[in-house]
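Read-outs throughout are calculated quantities, based only on the coordinates presented, and are distinct from any laboratory measurement. Owing to the predicted nature of the structure, the values given are computational and were not obtained by experimental measurement. In this analysis, Cβ positions are derived from the backbone assuming ideal geometry, glycine residues included, and neighbour counts consider all displayed protein chains.
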Amino acid sequence: AQKITQTQPGMFVQEKEAVTLDCTYDTSDPSYGLFWYKQPSSGEMIFLIYQGSYDQQNATEGRYSLNFQKARKSANLVISASQLGDSAMYFCAMREVGGKLIFGQGTELSVKP
Amino acid sequence: DAGVTQSPTHLIKTRGQQVTLRCSPKSGHDTVSWYQQALGQGPQFIFQYYEEEERQRGNFPDRFSGHQFPNYSSELNVNALLLGDSALYLCASGSSLFRGPYNEQFFGPGTRLTVL
């Protein structure tokens, strides 16, 4: 069965520093996609970055990058130069072709000034 | 271009009642998925609608049902509410044109349901 695991319930980072949020996944399907979402206290899910299972290079979107290690089945999110507005819940999710999104438990990131 | 909209924003019901939540997808999208997010948890997939039919369903009882209208908007109905149904209900829309794993789901702001 497909599964997403986020082992860090909470993380702290100093403003302007980089932080890595961990995500491991399990699937038997060779074709899948990995997503990271940010969820502020308002509740909306904001798409951050996507990595396809066949993508050769790690995805990057501005200050967000995804450290994709396929053999280890990990897809860690790296946020560079953290800002106070980055404080939120972060969810890793996976989708197989045509399928539903499967979410992890989330990591609460707090950015300290 | 309006994004995904959901109504109502908040809702309070009592056990045993029935509730209907509504979702309008992003312009150009034709699929709608519903997720339940309990406090402190990640969202759980309820079901997905496409061409007015339920296409995929998660591990939720039959008390949870839905509908999609010709304009692609959707409703989520929950009957015989339980205390455990208290959650944030998220609607996400996408396009059936994208068949691969990359089919970005645009989420609405959610409806917070409290069951007393």
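Of all the criteria given as (1) facing chain B (nearest Cβ under 9 Å); (2) not in a strand (DSSP E or B), the one not satisfied by A:Tyr50 is (2). One residue is enough: does segment A:43-53 have a residue meeting the conditions of a type in the set (D, E, K, R) and touching a residue at least 12 places away in the same chain (Cβ under 8 Å)? Looking for residues that are of a type in the set (D, E, K, R) and touching a residue at least 12 places away in the same chain (Cβ under 8 Å), one finds none in segment A:43-53, hence no. Within the set A:Pro9, A:Pro30, the sole residue that is out of contact with any helix residue (DSSP H, G or I) (no Cβ under 9 Å at 6 or more places or on another chain), within 14 Å of chain B (Cβ to nearest Cβ), loosely packed, with under 13 Cβ neighbours inside 10 Å and more than 18 Å from B:Gln44 (Cα to Cα) turns out to be A:Pro30. Of all residues in segment B:67-100, exactly one satisfies the criterion of being among the small types (Gly, Ala, Ser), away from every other protein chain (no Cβ under 14 Å) and assigned to a strand (DSSP E or B), namely B:Ser74. The condition of being outside any strand (DSSP E or B) and in contact with a Leu (Cβ under 8 Å, 6 or more places away or on another chain) holds for only one of B:Gln17, B:Gln41, that being B:Gln17.
The single condition from (1) touching a Ser or Thr at 6+ places or on another chain (Cβ under 9 Å); (2) among the charged types (D, E, K, R); (3) more than 9 Å from chain A (Cβ to nearest Cβ) that B:Glu104 fails is (3).
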